[in-house]
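Please read the structure below before turning to the comments.
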Amino acid sequence: MNVKKILSEMTLEEKASLCSGSDFWHTKAIERLGVPEVMLSDGPHGLRKQDQSADNLGINDSIKAVCFPAACAMAASFDRKLIYDMGKALGEECQHENVSTILGPAVNIKRSPLCGRNFEYFSEDPYLATEMATNHIRGVQSENVGTSMKHFLANNQEHRRMSASSEIDERTLREIYLAAFEGAVKNAKPWTIMCSYNGINGILASENKKYLTDILRGEWGFEGYVMSDWGAVNDRVKGIEAGLDLEMPGSNGVNDVKIVNAVKEGRLDEKIVDQAAERILNIINRYIENRKTDTKWDMDVHHELARKIEGECMVLLKNEGILPLKKGSKIALIGEFADKPRYQGGGSSHVNSFKVASALNAANRIADVTYAQGYDNNEDIIDEDMINKACEVAKSAHVAVIFAGLPDSFESEGYDRIHMSMPNCQNELIRRIVEVQPSTVVVLHNGSPIEMPWADDVKGILEAYLGGQAVGEACVDVLFGDINPCGKLPETFPRKLQDNPSYLYYGGEGDKSEYREGVFVGYRYYDKKDMDVLFPFGYGLSYTTFEYSNLKISSKEIKDTDMLTVTVDVTNTGDKAGKEIVQLYVGVNESKIIRPLKELRGFEKISLNPGESKIATFILSKRAFSYYNTQIHDWYVETCDYQILIGKSSRDIVLNDKVHVKASNKLPFKLTVNTTFGDLLERPEAVEELKSLVDIVKSSMKDMTNGKDEENDAISNDMVNAMLKYMPIRGILSFGGGSITYDEITQMLDDTNRKLYEK
Ligand code: BGC
């Protein structure tokens, strides 16, 4: 298609109509100009393509497809290549099914364990979310299929999700909530972005020019089109002006007419409509020009990929010598999830899996297995009969493996959780099983952290998350040691909900949800508070052991424009092959800025045979040391020492070193009568200029200390020094003995500012 030519031939009405969907899943065709309609479908971890009989809520059955591990699990793999492979597989499915864009990845930050959609999101950490999103997008788009990174922006709760406004300060937005979008837009150039339902600081995302245009396009160079989340449009004219190009699913033409009228009445510049239409046409064109109509999609091959991926997503949380299980031993599988795994979440991401592998079936193939249901997943009722049967089965086996977690009704798109507990019936089952069978392992299917009142009483805990349709097989692979677990937690598991930093404010009041914890999300908070957690961010065990040594940094002192290379040797010191996720955090102790103690700035996943060593290499640039400075509205590196921390988890730092980083630019500064003497004294160049002022104040301070009675600790030297330090320059009028006037002071300050600080 010649986009420019088509655009020049389109009527205003046609252009406006292209800016909304024709139905739930398609853009509009303009037949006379040869523009075809193209299809969009959910994602993110499987293709949810609804066929022709799609209902108008878009939630009925979709075609049979493969459900890969949801993002909660995927992120635990910390594996860039694996998520790329999943993306590529999804891209193939889309090409085969003629779906031009698959909606995802979803990169919102996990602010609270309560968010109903956490299972669709990657992490509490923006760097990990960036890396996962980047590679998801690259994988899908390698097949010439578009992605729609969502939900832009600050959509971290389901409660009142279509009306609530996320109230967030500028620095927190930049460091936490915008960062994953920023990173993935810059790294992977998603074809489209989906704006969220909620507002940001009082302005709906779908009408928010600051984010949809100024930041997304102006600062980050986004070149695709922005679509609305389904039904996120309020004022369509405001939306298109703000940068919302495509309305989904469309408004039966009502909003198209509003756009046309606004142009005709001079309220909207037609160029804005041209621009939106051109962006949409460009993406349609990109898809159809390079269409791969002969792409094959082998569901069984993709199922095996889902199994392989999930094998690397599982996190071994506890293992007191009980895992891996011995293949010949007698194993009791307990819990409904062993037979019917919970492997995905409810809502728009729900895939119609062509098959589902249960652990029960998979284990039956390799071990002597007995099974008891233990609880009913549909209702949280303690059923004595079921528990007693389960205890019998557990007693007569060598090991009991309980499959537990959260039922669908406990977490879903559309609403938030109200607590962090598992169903009582499951907790009770676990409690009773360990009474009769000390060798008990719990396997968890959940999309977000849970409280584990039984954690100390069981011998093993394996977090499988919502692991996709092959989860049962992958669990058995890990339980029996065919796969060595290597996942690490992409989020902190607090001991209890009340420990979470957003606990006091989460959900908000009415339509205002204030993010008062600021940048202290997840481990950034727990670390700074030195709080005991159940399992920390980045934590996960293996069937082998790893040792780290020989940390090297390329320089002890750098400018913020330099790169720093960090290397560390990692050795497999156990007797099994395994993979280790080596984490690099940058820490800062002596900052004047209120900052987290450390932040994840790199990770490498390394595969090692027993006895083998490899080098993990990290390259850090300015951003790794920066915070977002709201005075200059930009990233800034404070001149100081930074710690380079190498960890097995956020709480298990095994090696560290220090680098001094010097800022290459100074923050703007201006002397005023309210500048304190302390701040002034830190600037020798200003002291030089204002020597007479400083002398006056110093001598009056000296008078104070000279005259003081040694016994009278009401005026200590410390106090006098503090008074000086915190006294604004104007204080000289009160304490300087009348030797200088206000006008003389301001004149001196103006002269000094002109000479030293004004550009
Ligand atoms: C969800 C999106 C989804 C869309 C289409 C919305 O309700 O928030 O994530 O892509 O529906 O199903």
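The values are calculated or read from the model by the stated rules, or taken from the named source; none is laboratory data. Only a predicted model underlies this, so the values are computations on that prediction, with no experimental measurement involved. All Cβ positions, glycine included, derive from the backbone under ideal geometry; neighbour counts span all protein chains shown. Note: accessible area is taken over every heavy atom of the protein model, side chains too, but ligands, DNA and RNA are not part of it. Shrake-Rupley method; radii C 1.70, N 1.55, O 1.52, S 1.80 Å.
Over all alpha-carbon pairs in the chain, figure out the percentage whose distance exceeds 35 Å. Don't jump to the answer; show the numbers that get you there.
On the way: 151070 of 287661 pairs.
Pairs farther apart than 35 Å: 53 percent.
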Cβ charges +1 (Lys, Arg) and -1 (Asp, Glu), total dipole of the chain, debye = 1400 debye
How are the C-alpha pair distances of region 109-181 spread across 10 Å bins, as whole percents from the shortest bin up?
-> 18, 49, 27, 6
Relative contact order for the chain, counting Cα pairs under 8 Å that sit 6 or more residues apart, in percent | 12 percent
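Can you tell me the convex hull volume per residue for region 636-759, based on C-alpha atoms, in Å³ to the nearest whole number? Don't skip to the end; give the middle numbers.
Working: hull volume 20.9 nm³, N = 124.
Hull volume over Cα atoms, normalised by residue count, gives 168 Å³.
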Expressed in angstrom, Rg and Dmax over the Cα atoms of region 187-242 are 10.8, 32
1/(1 + (r/R0)^6) with r = Cβ-Cβ of Asp274 and Lys389, R0 = 51 Å, i.e. FRET efficiency to nearest 0.05, evaluates to 0.15
Region 484-617 shape via C-alpha gyration tensor axes, a/c threshold 1.5 | oblate
Provide the percentage of antiparallel DSSP beta bridges, counting only those with both residues in the chain; round to the nearest 5.
-> 55 percent
Global geometry of region 244-360, whether rounded, prolate or oblate, following the gyration tensor of its Cα atoms and the 1.5 cut on a/c = prolate
Mind grabbing the accessible area of Tyr636 for me, 1.4 Å probe, Å², rounded to tens?
-> 20 Å²
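At 1.4 Å probe size, with the rest of the protein present, what percent of the exposed accessible area of region 317-411 is carbon and sulfur atoms? Walk me through the numbers on the way to the answer.
On the way: 1840 of 3910 Å².
With neighbouring chains kept in place, the figure for region 317-411 is 47 percent.
Given contacts defined as C-alpha pairs under 8 Å and at least six residues apart, what's the relative contact order of region 457-517, whole-number percent? Present the calculation step by step, with values, prior to reporting the outcome.
Values: 21 pairs, mean separation 8.9, N = 61.
Once normalised by length, the contact order is 15 percent.
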For Lys28 the rounded accessible area (nearest 10 Å², probe 1.4 Å, non-protein molecules ignored) is 40 Å²
Three-way shape call for region 303-452 based on the alpha-carbon gyration tensor, with the a/c threshold at 1.5 = oblate
Leaving ligands, DNA and RNA out of it, work out the accessible area of Tyr503 with a 1.4 Å probe and give it in Å² to the nearest 10.
-> 90 Å²
Can you tell me the order of 438-444, 406-412 when each peptide is scored by its average per-residue count of other Cβ atoms within 10 angstrom, highest first?
-> 438-444, 406-412
Structure-based [θ]222 nm, the chain - -39500 (n - 2.57) summed over DSSP H runs of at least 4, per residue, nearest 500 = -8500 deg cm²/dmol
Translational D in µm²/s for region 264-326 (Stokes-Einstein at 10 °C, 1.306 mPa s, Kirkwood Rh from C-alpha pairs) = 90 µm²/s
